[in-house]
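What follows is a short report on a single structure.
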């Protein structure tokens, strides 16, 4: 038998449901309000003078100046530390040709730390009265007014436009020079005073003592230079006088030294 309809119970149930719905809406509104207040407070806190950059510390520079680093980063003291992006600043610094590696870190609340590793030159290219510094990756990283005699000179290149941050435009000879740079990077004590690549099939180098060395082409170059270093050490002095002549190293396994006739 069906239960009799109870309008009072039904109405009370509807009222309870309605109150629960209103409470849920109220709770959501309170949560949204608190969320907005918290975010606004955080936003205002992060923009407070507490996070104003007061110090930019740069370490690892030698040839580069602080002004060059600041100019590349395009930031200054007084900016908000949260408005900068360390990865973006790193990319900006790496656009400087002389920079090999860079790291940028925030040191809260008001310091920025920059660590830089510079590239170093392995050879010099005489160029219109100046000397271009070549880094191990074959990129021009600097210009010198004079020659100090501490790095090998590169001669025999076909002249083209050579700017800071670019490689050797004469690619057929530039690739040969890049092979030399690879060997020099691992063995900077090689006795190379001059590298002449005018004829890439007949490369000629000169030692610091003035000995001329024929290397042929760039095949097996690392081995040829290893043999050159060994022979140069053995022939460096004879009766306390430097030996003159030329060394034929076109075949690394069969070197031939020919002294100059007196």
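Coordinate-derived values only; no laboratory data. A quick note: this is a predicted structure, and the numbers were derived from the prediction, not measured. All Cβ positions, even for glycine, are placed from backbone atoms using ideal geometry, and neighbour counts span all protein chains on display.
A few comments on the model shown:
- Per-pair calculated FRET efficiency, R0 = 25 Å: residue 84 and residue 166 via Cβ, rounded to 0.05: 0.30
- Size descriptor, Kirkwood hydrodynamic radius, that averages inverse alpha-carbon separations across the stretch 51-118, Å: 11.8 Å
- Sorted peptide list for 212-219, 252-259, criterion being average Cβ within 10 angstrom, highest first: 212-219, 252-259
- For the peptides 114-122, 181-189, 141-149, the ranking by mean Cβ contacts within 10 Å, running from highest to lowest, is 114-122, 181-189, 141-149.
- Beta bridges assigned by DSSP with both partners in the stretch 51-118 are antiparallel in approximately 65 percent of cases.
- Remark: the stretch 141-192 is approximated by an ellipsoid whose semi-axes, taken from the C-alpha gyration tensor as √(5λ), come to 19, 16, 11 Å, largest first.
- Relative to the compact-globule estimate of 2.2 N^0.38 Å, the Cα radius of gyration of the stretch 123-259 comes out at 1.04.
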